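One structure is given here, and the rest of the page talks about it.
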Amino acid sequence: MKFLQSTIRPFWGLFLFFCLSGVLQTSCTPKWRNSSNAVAKVDTIQKAAALKELMAFVQTSNLNFNKSQLQQLLDLVENNVDFSKRMLLSTKEVVDSTNIIAIAQQLKLSENPANASLTLYQTRVWYAWQKSLIGKQVDRSKGLEQAAINAYKRRNAIRTKARLLMKDTDIADFLNQKEVNMTWKQVFMKNKGDYEAIISSSMRGRTVVDLLFKIPK
């Protein structure tokens with residue numbers, strides 16, 4: 001009997017050690033790790049539900065957008081289904097043309113519309129129209145750097161004005177918070193000091209929105 005006890009005792013201690021190690025390892029797992037996984041799971045479920053709802057909305061509204069386009073739109077507005085629906089409905093106003101100036105003329109847009117007077121689509125057309133003029137408006141006679149600075153300032157002014165023109169002030173406020181105008185330093189660094197690239201980029205818009213509203217390049 002004593003022989004068995006002396007033989008089993010070391011193994012019993014080892015068994016307890018492993019049991020305690022397992023308990024400690026479980027209890028000491030950082031809570032933030034479990035919490036992060038849970039949040040990510042909920043976020044994924046919410047995104048899937050939002051996409052499903054938007055796909056159903058497109059069908060019932062007789063709109064023609066694929067799953068990828070809808071997901072890009074949701075990403076743009078941080079998964080806000082209501083904002084996405086408003087933007088999609090505004091695409092029913094789209095004028096099919098390869099000339100942005102012609103579209104602006106057909107919509108009878110002025111160069112200086114009243115604040116809160118334009119639909120989402122009209123605002124996008126006005127924004128694209130005004131940006132397309134930047135290349136001709138900048139004065140290169142004072143050097144390329146000054147021309148790039150002028151283009152950058154013009155682009156920021158147009159973007160700020162466009163948000164004031166929107167009837168949908170909810171989305172305008174969202175954009176003002178989400179997409180603050182870049183500083184000259186940020187634009188300079190983003191374009192690696194290439195002044196021609198800065199002028200060129202000042203005339204471009206966000207691709208996902210331009211495709212949504214069929215804005216010609």
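Which value, to two decimals, describes the C-alpha radius of gyration of the range 142-217 once divided by 2.2 N^0.38 Å?
Taking N as the residue count of the range 142-217, the ratio is 1.20.
What is the gain in length, in nm to one decimal, between Asp173 and Ala49 on full extension, counting 0.36 nm per residue of separation less the C-alpha to C-alpha distance?
42.1 nm
Cβ under 15 Å from Gln46's Cβ, Gln46 left aside: what net charge do those residues give with Lys, Arg +1 and Asp, Glu -1?
Result for the local shell: -2.
On full extension of the chain, what length is gained from Glu196 through Leu63, given 0.36 nm per residue of separation minus the C-alpha to C-alpha distance?
44.0 nm
For the range 87-103 and the range 125-168, compute the distance between their C-alpha centroids and round to whole Å.
Value for the Cα centre distance between the two parts: 21 Å.
Please report Rg (one decimal) and Dmax (integer) in Å for the Cα set of the range 49-107.
Just the Cα atoms of the range 49-107 yield Rg and Dmax of 13.1, 40 Å.
Under a straight-distance cross-link criterion of Cα-Cα below 30 Å, which lysines are reachable from Lys153, leaving out those fewer than 8 residues away in the same chain?
Straight-distance partners of Lys153: Lys108, Lys131, Lys136, Lys142, Lys161, Lys167, Lys178, Lys185, Lys190, Lys192, Lys214, Lys217.
If each of Ser97 and Val180 carries a label point 7 Å out from its Cα toward its Cβ, how far apart are those two points in nm?
Those two pseudo-labels are separated by 3.7 nm.
Expressed as a whole percent, how much of the Cα-Cα distance distribution for the range 90-206 exceeds 16 Å?
62 percent
Run the reach check for Lys52 against lysines, Cα to Cα strictly under 19 Å, same-chain hits fewer than 8 apart removed. What comes back?
Here the lysines satisfying the reach criterion relative to Lys52 are Lys41, Lys67, Lys85.
Bear in mind that the values in this text are calculations on the coordinates, not laboratory data. Quick caveat, the model's predicted, so the values are computed rather than measured. Ideal geometry is used to build each Cβ from the backbone, glycine not excepted, and the neighbour counts take in all protein chains shown.
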